[in-house]
1. Treat the count of other C-beta atoms within 10 Å as a stand-in for reagent exposure and order 54, 128 from fewest to most.
2. Please give the contour-minus-distance gain from residue 91 to residue 111: 0.36 nm per residue of separation, less the Cα-Cα distance, rounded to one decimal in nm.
3. Using r as the Cβ-Cβ distance of residue 124 and residue 101, and R0 as 25 Å, what FRET efficiency do you calculate, to the nearest 0.05?
4. Test of understanding: extend the Cα→C-beta vector of residue 81 to 7 Å, then name every residue of segment 93-135 with backbone N under 14 Å from that spot.
5. Can you sort 136, 115, 148 from fewest to most other Cβ atoms within 10 Å of each residue's own Cβ?
6. How many times 2.2 N^0.38 Å is the alpha carbon radius of gyration of segment 51-150?
7. How would 139, 113, 99 line up from fewest to most surrounding beta-carbon atoms within 10 angstrom?
């Protein structure tokens, strides 16, 4: 294989483009991957305790394909990066604590005057575990688990 200046230049452009595309995802509202803290990140990296309390928990039963809302508060001294509702098929006490593979469904739950609210639609019948999730500083936190029976 013959390497020319053009090949080296194009490889550099590609590397730069990939660095930009894969860099800071703080503006990516659809991403559910774990955020990594690199040297240019301005996020709070101090661990702070957080408590998540339901103000309006998910219902005990719901209809498949029919949206319901749930609300919660996050009490912390730390910087809150993300608030979501997360759901796992079945009874799962680890629901929502990890990356995107640790839950089946998630929706944003934006904060309004200290209360985060999300609208969740579960499409399959069965038992689901629903949690409120918050990413505070470098740490994930979830609420008490609520079991929802979907018919």
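Read-outs: derived from the displayed coordinates by stated rules, not from any lab. A quick note: this is a predicted structure, and the numbers were derived from the prediction, not measured. Please note: Cβ atoms are built from the backbone with ideal geometry, for glycine as well, and neighbour counts cover all protein chains shown.
1. Working: 54 16, 128 24.
Exposure proxy ranking, most exposed first: 54, 128.
2. Values: separation 20, 0.36 × 20 = 7.20 nm, distance 2.71 nm.
The residue 91-residue 111 span can extend by a further 4.5 nm.
3. On the way: r = 18 Å, r/R0 = 0.71.
The calculated FRET efficiency here is 0.90.
4. Answer for this model: 98-100, 134-135.
5. Details: 136 24, 115 15, 148 20.
Result, fewest neighbours first: 115, 148, 136.
6. Working: Rg = 12.5 Å, N = 100, 2.2 N^0.38 = 12.7 Å.
Here the answer is 0.99, to two decimals.
7. Numbers: 139 15, 113 4, 99 10.
Fewest to most other Cβ atoms nearby, the residues stand as 113, 99, 139.
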